[in-house]
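Report on the following structure.
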Amino acid sequence: MSWKDIVYDPGSTTKAFKVLTDDYKLDILYSDFEGDLFKRTIVIRLDDVPVMIATSETRKSNSLFLDILQNANTTPIGVKLFSPEFCIKRGEMMVTQRSIAAIDDNIVLDYIKRLKVNEELYFRISTFSYNKQSMELKEYILPGLEQIINKYKES
């Protein structure tokens with residue numbers, strides 16, 4: 001498995017990460033309402049190495065996605081987003097490279113600066129929908145992902 005296999009796969013990132021290692025941790029950096037939006041920013045660590053930072057946003061009126069995000073401490077969002085029970089659809093997934101200067105989210109930017117990351121990062125954005133409800137997911141792939149993949153390739 002390469003990091004590109006994970007980045008370009010429209011399936012569950014959580015599931016792909018757990019194939020690499022059982023040492024999976026999620027740290028919540030932010031989880032709150034901003035006006036009509038509920039926003040949640042997290043960092044995923046594998047073997048205690050940060051591999052992804054992600055922000056999810058949905059409107060207060062989107063009850064399904066609001067419930068998924070607010071209860072993500074007990075159930076990772078990927079479990080419900082990709083569950084056949086909910087019939088949630090992932091819209092077009094766009095993957096690009098983004099410079100640090102182009103990051104407009106202060107929480108994400110501050111975290112990446114603390115990691116002393118200077119190179120462009122792969123950035124993935126997706127919209128999930130259910131009936132007339134939607135949620136946007138923005139994911140930044142951190143250099144640690146390649147480090148973890150290489151670690152398990154060698155062993």
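Side notes on the structure shown:
- Over 20 Å between alpha carbons, listed pairs K4/K116; K25/K80; K18/K113: K4/K116; K18/K113
- By the helix-only formula, in which each DSSP H run with n ≥ 4 contributes -39500 (n - 2.57) and the sum is divided by residues, the chain has a 222 nm mean residue ellipticity of -8000 deg cm²/dmol.
- Sequence-distant contacts, meaning Cα pairs under 8 Å at least 6 residues apart, place the relative contact order of the range 2-106 at 20 percent.
- For the chain, size of Cβ-based charge dipole, Lys and Arg +1, Asp and Glu -1, in debye: 220 debye
- Carbon and sulfur %, accessible surface of the chain computed with the full protein complex present, 1.4 Å: 48 percent
- If you take the alpha carbon atoms of the chain and fit the smallest convex hull around them, that volume is 113 Å³ per residue.
- Segment S83-L109, extension gain: residue separation times 0.36 nm, minus the distance between their alpha carbons: 6.2 nm
- Charging the Cβ of each Asp and Glu at -1 and of each Lys and Arg at +1, and nothing else, the dipole of the range 69-154 about its Cα centre rounds to 160 debye.
- Dipole-positive endmost among V49, F123, P76 within the chain (Cβ charges, Cα centre): P76
- Each Lys and Arg Cβ is given +1 and each Asp and Glu Cβ -1; about its Cα centre, the range 32-106 then shows a dipole of about 200 debye.
- Distance between the range 81-155 and the range 57-80 - C-alpha centres, whole angstrom: 17 Å
- Signed unit charges on C-beta, dipole axis of the chain, positive-most listed residue T13, F65, L26: F65
- Relative contact order computed over the range 63-147 (Cα-Cα under 8 Å; 6+ residues apart), in percent: 30 percent
- Solvent-accessible area per residue, Å², over the chain with all protein chains present [probe radius 1.4 Å]: 54 Å²
The values are calculated or read from the model by the stated rules, or taken from the named source; none is laboratory data. In this text the structure is predicted, and so the values were computed from the model without any measurement. Cβ sites come from the backbone with ideal geometry, for glycine too, and all protein chains shown count toward neighbours. These accessible areas exclude ligands, DNA and RNA; they are computed on the full protein's heavy atoms, side chains included. Shrake-Rupley method; radii C 1.70, N 1.55, O 1.52, S 1.80 Å.
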